[in-house]
Amino acid sequence: MLRIALVFILGIVMAYYWGTELPPFFWQTMIILTIVAFFFFRSREIMASLLLFLCAFSVGGWRLHSMQLEYERPISPNSVCYNAVVLDMPERHGKVVMVPLMIMDGEWEGMKVQASFFISESEKELKQVTMGSWLGINSELTNFETSTDSRLESYFKRLKCAGIVGKTFILPSNWQYCGKGVEFLSVFEQIKIKALKVHYGLLKQMEKVSGSNESKAILKAVILGEKTGLSKSLRATYSQTGTSHLLALSGLHLSVIFSLLLLLTRSLSSALIRACIVLTSIWIYAFIVGLPVSVLRAAVMFSILTFIQLLNRKAFSLNSLSCAALVLLFANPLLLWDVSFQMSFLSVLAIFLFYPLFTFGLSPATSLIGRLLNAIMKMMAVSLSAQIGVAPLVLYYFGGFPTYFLLANIIAVPVFIAVVYTAFVSLLGSVLYGKVIVLMTIACDLIDKLNAVLRWIAKLPYAFIADVYIDELQVGLCYILIALLFWMAKICIKVYHSQIIAPY
């Protein structure tokens, strides 16, 4: 599956950079020809494998080409009238309110746009606008334009990854509020809006917790993916200590929920019912936090894991990670250029590959101290493996590298696991009893103490190597070097084992 995923990604990359030079029917023809040829040569192993890879390559190119055609639909420069539905809560930036809309009629029905409302005398009317509101609009639509400013280009790319195709600037006189109603949206969009309403309701519940603003902002980030309350200094502290991955929802957070759900459902005798309850809860949570890429990756992997466990097969493997990548990239090939997607998958891939190399010499311990040391070594191995996987990307995107990431993660990861456990138990209590229980305050206290430790680590000499930028070619060379080091390490371990086992 890893080979198929890599070939699929190669097809996406080729279509992205050179697809415009190929005729529109090229990818469809390639898919049909490879499928037909596969049935003729399926008895020949090598030929069948080559045709399978070629089919995966063609499907990747076709998916990217199809999405590019959707995003490059010609839009008239004239003003147009249309009805639209608000898909999320409006965000105010000075005298502009920004909100994603879905057009519900006309030539561009189904298109998502990023709308910018200019505020003046209509501000009172704009306060009525919320998720699910219907608006009548008369304004100009435009596609996102490529920009020489890398920050804007990255911003537009993130919007495209979220399915937002165009943009519109709306003056006070060019729109009117038409009431509420989401019944004409797709079932998927209706579920997303209902989940976001739960999301904002939980945020209001967390505001009632007694704790510092910093600790509550971190709780909102690690539980609900809401990062707007994180200050620049707090973000810098976590970035300089190599623990910023803890502020983003990821497999670590979802694994805590997964294990908690398994614990709560262990009394059920039916494995199928238990799996359905766990997976339903996992995907409800994924919708509530807004379906970020890292959570999607983890949710797909846990779904595959649960299904494999029902079949009594090996659980976590490179195959499950590759399947998750194929599912997400087939749904949206542009995720390949999303920073979160790249770091999420490369970090987990590196853990799969390097963690066994770092821990192959660990022997089982019986004493408490021995088991504690083994746990620390395993935690260091996970952190080091993940950093190896994302180090070139960190240098490419952020131009710096934390030097004390091992020390910081040994301290921060256990604390965050405890925080996530207590926070989720507290949220469960709030759902059952209607109020946030005292455990949330304990989580805030733990976060405050951890922040003090991380600030101390960030102030150590040479805690962060800054202004070290590399280009795309150097990123590729770094990953080639990492692959060679992995290959050499595997050979050395095989030689070591052969010398131990071989008789003298």
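The values are calculated or read from the model by the stated rules, or taken from the named source; none is laboratory data. Quick caveat, the model's predicted, so the values are computed rather than measured. All Cβ positions, even for glycine, are placed from backbone atoms using ideal geometry, and neighbour counts span all protein chains on display. With ligands, DNA and RNA removed, areas are computed over all heavy atoms of the protein, side chains included. Shrake-Rupley method; radii C 1.70, N 1.55, O 1.52, S 1.80 Å.
Side notes on the structure shown:
- Selection from region 213-235 of residues that are touching a helix residue (DSSP H, G or I) at 6+ places or on another chain (Cβ under 8 Å), more than 20 Å from LEU202 (Cα to Cα) and not in a loop (DSSP other than H, G, I, E, B): LEU234, ARG235
- Residue within region 48-62 that is open to solvent by less than 90 Å² (accessible area, probe 1.4 Å) and at pLDDT below 80 present: no
- Selection within region 75-105 - open to solvent by less than 60 Å² (accessible area, probe 1.4 Å) and not hydrophobic (A, V, I, L, M, F, W, C): SER76, TYR82, ASN83, ASP88, PRO90, GLY94, PRO100, ASP105
- Residue within region 270-287 that is polar (S, T, N, Q) and either assigned to a helix (DSSP H, G or I) or touching a Leu at 6+ places or on another chain (Cβ under 7 Å) (or both) present: yes
- Breaking point among (1) surrounded by fewer than 16 Cβ atoms within 10 Å (Cβ to Cβ); (2) in a helix (DSSP H, G or I), for PHE184: (2)
- Selection within region 454-488 - open to solvent by 50 Å² or more (accessible area, probe 1.4 Å), in a helix (DSSP H, G or I) and closer than 29 Å to VAL415 by Cβ: ARG455, TRP456
- Of all residues in region 101-108, one or more are acidic (Asp, Glu) and more than 20 Å from LYS180 (Cα to Cα).
- Hey, ARG274 farther than 30 Å from MET380 by Cα and open to solvent by 40 Å² or more (accessible area, probe 1.4 Å) or not: yes
- Looking across MET1, MET89, MET30, one residue alone is closer than 30 Å to HIS199 by Cα and not polar (S, T, N, Q). It is MET89.
- Cβ-Cβ distances below 7 Å connect the following pairs, each with a first residue in region 449-478 that is on the phi < 0 side of the Ramachandran plot, a second residue that is at pLDDT 85 or above and charged (D, E, K, R), and a separation of six or more residues or different chains: ASN451/GLU214.
- Of LYS95, LYS204, LYS180, all but one fail to be modelled with pLDDT under 85 and in contact with a Gly (Cβ under 6 Å, 6 or more places away or on another chain); the exception is LYS180.
- Where helices (runs of 4 or more DSSP H) sit wholly within region 307-398, those with at least 1 residues that are in contact (Cβ under 8 Å) with a residue 12 or more places away in the chain, surrounded by fewer than 20 Cβ atoms within 10 Å (Cβ to Cβ) and basic (Lys, Arg) occupy 368-398.
- LEU234 vs. criteria in contact (Cβ under 8 Å) with a residue 40 or more places away in the chain and buried (at least 19 other Cβ atoms within 10 Å of the Cβ): yes
- Only one entry of LEU263, LEU254 meets the criterion of being assigned to a helix (DSSP H, G or I), closer than 23 Å to ILE304 by Cα, open to solvent by less than 30 Å² (accessible area, probe 1.4 Å) and out of contact with any Lys or Arg (no Cβ under 6 Å at 6 or more places or on another chain), and that entry is LEU254.
- Filter result (surrounded by 21 or more Cβ atoms within 10 Å (Cβ to Cβ) and part of a helix (DSSP H, G or I)) within region 238-247: TYR238, GLN240, HIS245, LEU246
- Among all residues of region 294-302, there is none that is assigned to a helix (DSSP H, G or I), in contact with a strand residue (DSSP E or B) (Cβ under 8 Å, 6 or more places away or on another chain) and under 30 Å from TRP456 (Cβ atoms).
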